[in-house]
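The values are calculated or read from the model by the stated rules, or taken from the named source; none is laboratory data. All figures in this text were calculated on a predicted structure; none of them were measured in a lab. Note that we place each Cβ from the backbone using ideal geometry, even for glycine, and neighbour counts take in every protein chain shown. With ligands, DNA and RNA removed, areas are computed over all heavy atoms of the protein, side chains included. Shrake-Rupley method; radii C 1.70, N 1.55, O 1.52, S 1.80 Å.
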Amino acid sequence: MSKTQHFDILIVGAGLSGASLACALRGSRYRIGLVERQRPQAAAGWDARIYAVSPANVDFLRRCGIWDHLDADRIGPVERMDVSGDAGGRLAFSAYECGMQSLASIVEAGRMASELWETARRQPNIEILCPAEPAALDFRPEAARLRLSDGRECQASLVVGADGVNSWVRGQTRIQAHLRPYEELGVVANFACERPHAGTAFQWFREDGILAWLPLPGNRFSIVWSTPDAQADAMLALSPEAFTAKVAEAGGHRLGKLELLTPAAGFPLRFMKLDSTVASRLALIGDAAHAVHPLSGHGINLGFQDARALADRLLALPAFRDCGDENVLRAWQRARAEETLLVRELTDGLHRLFKPSSGPLSLLRNAGLSLAGSISPLRSVLARYAAGLT
Ligand SMILES: Cc1cc2nc3c(=O)[nH]c(=O)nc-3n(C[C@H](O)[C@H](O)[C@H](O)COP(=O)(O)OP(=O)(O)OC[C@H]3O[C@@H](n4cnc5c(N)ncnc54)[C@H](O)[C@@H]3O)c2cc1C
């Protein structure tokens, strides 16, 4: 029979949320096990998965020890946003208006994940179990026990489910997930462009979905085009030339001629909320705990803030307190509830308002967009929402 490995905290999933939690707890008294089925890979060229990381999370990633190791020449600061409605509405605002250097930093997901992985790997208090798949999870009053599919047994005071929207860990509990597919794909790709974008993120609310152009360093940008499944499938079936022409036309040729750098890929989009993100000896973070539409680019920003707040609470606990105590975890859940609710519902509301085919609302929403753009304090509020300072 295999020997049981003892940890204080077992984190299942070393995506950005789980690995950042482990790194935020590096050098602490906690012995941490990080369970992951496959190690992250940084793409050789430009990564198709590009995230807008908020200023608060740049600080968090600095604290995790990775921000200054990322190649600054591959990070694009967003200095202004230019949002267009589908019937003439327009709204533009800048970081300058709310006294910030940038609204967000556009970073490749694979490079962030690899840096977090390398940092976690070097820590004496973190053990990475990979490749590993959990097979059975049992919550007992004195500890949680996790059996891996290769027969290894682990025990911990606290299990953190950071294993994404289809969380296996969540599935082993009674926690109810309310999941609603948007019936859309987020189509992503990277382009080189003829004209400089000057750090501008463009967003178009269109009849056929929401298109964002996010600035990468140099004359390059990344797109997220969220569009109904059938249209996304048709888009993904286009030749590279036809797809490039479609993207250039949809953006009104704002940045001149385009050249496709990374082939288009599609990701299903979902809304998800849970009745609870904690139980005795369990906390769920990141996409395991909530899923939001990418139109506001807040998904992983919520995951990073879950990790930051949980790390803060665990680090502040006196050594005699049990880190899997449900009261401790409930206090963390309360601290995270407001921001998660606000971002999730605001993003979902915006999606409903600008949903393709929401016909009679078109005039109203375009007028609203232009009105918001003409009121300076409102622009500043929107700039803070875009920067994740809700
Ligand atoms: C098109 C698109 C664009 C987006 N753009 C943005 C953006 O600009 N800004 C932003 O903040 N967010 C964005 N998001 C959201 C972002 O992608 C997610 O919020 C983020 O990836 C969630 O990270 P996570 O670590 O919580 O989960 P995941 O990335 O899903 O990671 C889960 C990890 O757990 C591992 N795992 C899963 N199951 C198991 C198992 N059984 N055993 C072992 N390991 C397991 C996986 O291998 C993975 O490493 C976007 C999403 C989409 C679809």
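Summed over the stretch 16-48, residues that are out of contact with any Pro (no Cβ under 8 Å at 6 or more places or on another chain) and within 7 Å of the ligand (Cβ to nearest atom) total 4. If you go through the stretch 327-338 and keep only what is open to solvent by less than 60 Å² (accessible area, probe 1.4 Å) and over 26 Å from the mean Cα position of the chain (by Cα), you end up with nothing.
Of Ala248, Ala311, Ala264, all but one fail to be surrounded by 15 or more Cβ atoms within 10 Å (Cβ to Cβ), more than 15 Å from Val187 (Cα to Cα) and of a type in the set (Gly, Ala, Ser); the exception is Ala311.
Is it fair to say Gly33 is within 26 Å of Val159 (Cα to Cα) and assigned to a strand (DSSP E or B)? Judged against the criteria, Gly33 is a match. When you check Ala144 against the structure, is it over 25 Å from the mean Cα position of the chain (by Cα), surrounded by fewer than 17 Cβ atoms within 10 Å (Cβ to Cβ) and within 16 Å of the ligand (Cβ to nearest atom), yes or no? Spelling it out, it is not the case that Ala144 is over 25 Å from the mean Cα position of the chain (by Cα), surrounded by fewer than 17 Cβ atoms within 10 Å (Cβ to Cβ) and within 16 Å of the ligand (Cβ to nearest atom). Evaluation of Phe60 against the conditions (1) among the aromatic types (Phe, Trp, Tyr); (2) in a helix (DSSP H, G or I); (3) open to solvent by 50 Å² or more (accessible area, probe 1.4 Å); (4) at pLDDT 90 or above shows that the sole unmet condition is (3). Quick one: is Glu115 open to solvent by 30 Å² or more (accessible area, probe 1.4 Å), without any contact (Cβ under 8 Å) to a residue 60 or more places away in the chain and either under 24 Å from Gln172 (Cβ atoms) or part of a helix (DSSP H, G or I) (or both)? Against the criterion (open to solvent by 30 Å² or more (accessible area, probe 1.4 Å), without any contact (Cβ under 8 Å) to a residue 60 or more places away in the chain and either under 24 Å from Gln172 (Cβ atoms) or part of a helix (DSSP H, G or I) (or both)), Glu115 qualifies. For Leu91, the conditions (1) over 26 Å from Ser167 (Cα atoms); (2) assigned to a loop (DSSP other than H, G, I, E, B) are fulfilled apart from (2).
Among the listed residues Trp168, Trp213, which satisfies the condition of being in contact (Cβ under 8 Å) with a residue 24 or more places away in the chain, under 29 Å from Gly286 (Cα atoms), open to solvent by 10 Å² or more (accessible area, probe 1.4 Å) and of a type in the set (A, V, I, L, M, F, W, C)?
Just a single option satisfies the conditions, and that option is Trp168.
Looking across the stretch 176-204, the residues that are farther than 24 Å from His290 by Cα and either touching a Lys or Arg at 6+ places or on another chain (Cβ under 9 Å) or not assigned by TED's automatic domain parsing to the domain that holds Asp86 (or both) come down to Asn190, Phe191, Ala192, Cys193, Glu194, Arg195, His197, Ala198, Gly199, Thr200, Ala201, Phe202.
When the residues of the stretch 339-371 are filtered to those that are assigned to a loop (DSSP other than H, G, I, E, B) and modelled with pLDDT of 65 or more, which remaining residue is least open to solvent (accessible area, probe 1.4 Å)?
So the first thing to find is which residues in the stretch 339-371 are assigned to a loop (DSSP other than H, G, I, E, B), and the list is 354-360.
Next, only the ones that are modelled with pLDDT of 65 or more stay: 354-355.
On the way: Phe354: 9, Lys355: 98 Å².
Among them, the one singled out is Phe354.
Every condition in (1) within 21 Å of Trp204 (Cα to Cα); (2) assigned to a loop (DSSP other than H, G, I, E, B) is met by Pro131 except one, and the failing one is (1).
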